[in-house]
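The values are calculated or read from the model by the stated rules, or taken from the named source; none is laboratory data. The model shown is predicted, which means the values in this text are computed figures rather than measured ones. Note that we place each Cβ from the backbone using ideal geometry, even for glycine, and neighbour counts take in every protein chain shown. Just so you know, the surface numbers come from the protein's heavy atoms only, side chains and all, with ligands and any DNA or RNA stripped out. Shrake-Rupley method; radii C 1.70, N 1.55, O 1.52, S 1.80 Å.
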Amino acid sequence: MSGGEQAMKRKLVIMDLGYRIVHLLNMIFFISLALSGLVMFLPGAMSRFMYAVGQALSTLTGLKVDPVMAGIEWARTWHRIVGIVWGLLLITYLIYYLAFNRKFHIFKPIIRGLGTQIREAKALSNLYIKGEPLPGDVARQLKRYNVFVGWLYTVVLIPAVILLSVSGVALLYREQLGLSISQVRLMLALHDTGFVLGVLFLLLHLFASLHPANRPLLRAVFFDGGVPEDWAKGHMSEEVLKEVTTEKIVVED
């Protein structure tokens with residue numbers, strides 16, 4: 001191999017542009033809803049922030065209103081608009097996913113035998129906490145998503161999305177649906193529960209994403225979608241690599 005070839009290495013593209021755009025949009029919408037939701041969830045703690053927003057809006061519009069109340073009303077309106085837009089995006093993505101017969105990779109790690117899941121969970125815990133490399137047999141059996149991600153989506157994110165969606169629609173159209181005060185309170189409680197689950201998912205997702213072991217994935221999702229070939233082979237099975245790799249890039253070392 002020549003010196004020029006030795007100075008080159010390959011990256012495998014495992015996230016196409018569409019995937020990265022959807023991920024970015026989800027992140028923007030989630031953060032927007034979380035911040036505007038916090039204003040209504042904890043109005044006292046967010047009052048200073050709402051004062052700054054409301055004061056700016058009052059200055060721009062020329063309306064003489066209480067800055068805090070103006071900020072809260074803006075957050076409520078923004079929350080509704082973003083919620084509707086994000087809901088439409090998720091429905092569109094789900095239809096696309098089903099129309100093109102995509103496999104639901106997220107559930108594959110949790111439909112395996114319990115012993116396999118426990119062994120993988122222990123190995124991943126040692127990787128994240130102690131920095132120990134994954135055993136060869138565990139690495140070879142890894143699916144596109146690991147067992148932690150599979151369960152995190154199943155017991156945290158999906159329930160959160162369902163609770164937020166159902167209760168959000170019910171609250172938005174409570175007059176048309178003829179909801180009683182007790183029913184509105186129930187929907188608010190469900191919405192708050194969904195919000196807490198959503199924040200829990202975000203925190204755990206951030207922990208995994210920012211961990212040094214997953215740094216190549218973090219760079220991939222925000223840049224070219226590619227990870228070093230040697231890293232991919234150490235963290236993904238050959239079966240998964242064949243499924244997810246869209247192209248190979250040669251880059252300078």
Q. Accessible area of PHE207, 1.4 Å probe, to the nearest 10 Å²?
A. 120 Å²
Q | Within the stretch 26-88, trypsin sites (Lys or Arg not before Pro) in DSSP loop having at most 10 other beta-carbon neighbours inside 10 Å | A | LYS64
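Can you tally the net charge around GLU132? Count Lys and Arg as +1, Asp and Glu as -1, for every other residue whose Cβ sits under 14 Å from the Cβ of GLU132. Walk me through the numbers on the way to the answer.
Details: positive: ARG119, LYS122, LYS130; negative: GLU120.
Net charge around GLU132: +2.
Does the stretch 60-118 come out rounded, prolate or oblate by the C-alpha gyration tensor, with a ≥ b ≥ c the root eigenvalues, rounded set by a/c under 1.5 and, if not, prolate when a/b is larger than b/c and oblate if not? Spell out each step's value before the answer.
Values: a/c = 8.14, a/b = 2.48, b/c = 3.29.
Oblate.
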Q. Among LYS11/LYS108; LYS9/LYS233; LYS9/LYS143; LYS108/LYS242; LYS108/LYS143, which pairs are too far apart, with a Cα-Cα distance over 18 Å?
A. LYS11/LYS108; LYS9/LYS143
Q.
Can you give me the angle between helix 158-172 and the longest principal axis of the chain, using Cα atoms only, in degrees from 0 to 90, rounded to the nearest 10?
A. 20 degrees
